[in-house]
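Accompanying notes for the structure given below.
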Amino acid sequence: MKVAVQQEDLQLLAKTLQKQLLAEVSTAQVFEVKCAVNKDGLMILTQHESDIIVDSQIIFTVIEEVLQSLAPHREQRVQCFLRVFGEQLPYAKCLLALKQRVGWGDGGVGEVARAGEVGGVEGQYFSTLSSSAITYSRSIDKTDEEELFYPFADAPNLPTSKPASQIKSILLSAALVGVVVLGGGAYLLTRPCVMSECKEIQNAEQLKIKSPQLMRRAKSEKELVAVQQQLAAASAALNAIPSWSPRYQVSEELKASLSEQSEKISQVVKALEMGSLATQKVQTPAYSLEELQATQHLWRQAIAPLETISSTSELYKLVQGKLLNYRVRLHAVNQQIVTEERWLKKLTAAKAVANAAQNQEATAKSLNDWQKAQSTWLVAINALNSIPLTSSGYQEAKKLLVDYKPKLVAASDRTTKERLAVKAYQQAVSTAKQAKVYEQQNQWQAATTYWDQALQTAKKISQDSLYYTQAQSLIEPYSTALKQAQEKLQVVSTLQQTRTDLYKTCINRIRICTFSIDNAGIIVRLTPEYDQIRQNNLANPYSKNSNTAVDITNHLQILREALAVISDNASLSLFLYDFQGQVIYTRTLGG
């Protein structure tokens, strides 16, 4: 604001000087006037084309007459320069020292004191005006003037057809305070706190005293904002006071004080705004850890500025109530975050456990491996089931359960299948061992039964079981053992039947014969009683008991035929002897 006002004043002064030169000098239409300031005071540069012949004394005289209308409140230094477009340094200059007018404000006559600068550089020539000392030179030493003329060092050379408003902006220092030029004088004199009573400062001073009390009484953010608005309005009013006003320094001090008060309020208001945002945020449930952390951040932003308010501050009473409330809210959010982080960690852990279960399944080579995989799936599912509905991870846990539960069922089924396979395998092996025991005891019926059970058990082991291959290796030897046992059983059964048949044949009211069976065949011997009857019959064929003799002969024939049948059924040779060991009848296999 300050820079903008000063720049306007410089432009106004430059335009005024250019108009006056146009009126007084015939060639002034090609002149360009620039104004700037440095620490020493006002600087005025007049430029023209190189083909224009200028009377420097006339130019400086016109400028001097314009400056005589100034009303400075303190001593001022004014430097005037004259140069050609395109040149770096001016070829003539004038130094004026302006003093405050006598009887300022009462119509007194102003005084302008001028002091000429005379240098010892060869080639200079001087001309003195009636009321001022003006020096100018066609070759000014660059070393002497470069720093002095710095404000115009970077100013571009503008064509004469362009207005002077294109002059580059330069900061205005306090050197131009109080400048009032010709037509613009009335405007400058009417600026706030230049000539008239300064209500802006009065209002600001009153508010400076009153604002601490207003801040102390404030009970809400809205009331604090109202106080801040008053401070801002008072400060804005002070900005209108120009830098040449005798009250300018006081206004700057007041602005600083008001700004300090406003900054205190801003600090608290911003904290209260953060608290309001956090309060609104907790009205709706947080659906993620990030939302809780965002709320936590808001509470911290609200609390941190309030904690810096000391007990001596006007805002302390308002702050303490809010601060206690905010801390309680922050603690609650912190607890929520801790709880939420715990559930999210459990969710993450459940995923990791599920991955482990999948890896165990992929590498399982035994019932024990599948049991571990089943247990691992169960751990993952139990962890997901424990995540509550209030957790942000609940929905994800719910989706994972839909995926994991069937996998647990599949793992359980596979474990059961493997357990049954192991049991079947072990049972098959155990049954085969018992079958061998029965074989050793020649209990072929039992051996056959056990071999058959072992074989059938091995065949029942599932193809997708880990024991399937091992079970398959049992089938061939068990089948062979069963076949052999069955053959043995057949032999034994046949021998048993043969014995039974022989027993029935050899006993008919009296014992007719005895028998034995060995690898050579069936050996049958007639009993002494039966053989005696047979011998008697042979010795007396025409005795009184001839019918008995015939019967005996017929019976012996029947016995031979019966024994022949038994021999055929047993696939064994037959040897029939009498009581004394004489062969009565023989029958060989195939005979």
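What the table below lists for this structure:
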item	result
Unique residue being surrounded by 17 or more Cβ atoms within 10 Å (Cβ to Cβ) and either polar (S, T, N, Q) or touching a residue at least 60 places away in the same chain (Cβ under 8 Å) (or both) when the list is SER251, SER266	SER251
Of all residues making up segment 340-385, the number that are assigned to a helix (DSSP H, G or I), more than 22 Å from VAL402 (Cβ to Cβ) and either in contact (Cβ under 8 Å) with a residue 12 or more places away in the chain or touching a strand residue (DSSP E or B) at 6+ places or on another chain (Cβ under 9 Å) (or both)	6
LYS417 vs. criteria assigned to a helix (DSSP H, G or I), surrounded by 13 or more Cβ atoms within 10 Å (Cβ to Cβ), free of Cβ contacts under 8 Å to residues at least 24 places away in the same chain and among the charged types (D, E, K, R)	no
Matching option when the condition is of a type in the set (Gly, Ala, Ser), out of contact with any Lys or Arg (no Cβ under 8 Å at 6 or more places or on another chain) and touching a residue at least 60 places away in the same chain (Cβ under 8 Å), among ALA256, ALA286	ALA286
Matching residues in segment 463-516 - criterion: being surrounded by fewer than 18 Cβ atoms within 10 Å (Cβ to Cβ) and among the β-branched types (Val, Ile, Thr)	THR469, ILE475, THR480, VAL491, VAL492, THR494, THR500, ILE507, ILE510, THR514
Residue in segment 73-81 that is modelled with pLDDT of 85 or more, among the polar types (S, T, N, Q) and within 30 Å of GLN249 (Cα to Cα) present	yes
In segment 218-239, residue farthest from the chain's Cα centre (by Cα) [restricted to those that are at pLDDT below 85 and of a type outside the set (Asp, Glu)]	ALA218
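Okay, residues lined up against (1) of a type in the set (Val, Ile, Thr); (2) outside the structural domain of SER567 (by TED's automatic domain parsing); (3) modelled with pLDDT of 90 or more:
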position	(1), (2), (3)
ASN442	no, yes, no
GLN445	no, yes, yes
THR448	yes, yes, yes
GLN456	no, yes, yes
LEU466	no, yes, no
LEU474	no, yes, yes
ALA481	no, yes, yes
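The values are calculated or read from the model by the stated rules, or taken from the named source; none is laboratory data. What you are looking at is a predicted structure, and each value in this text was computed from that prediction instead of being measured. Cβ coordinates were reconstructed from backbone atoms using ideal geometry, including for glycine residues, and neighbour counts include every protein chain displayed.
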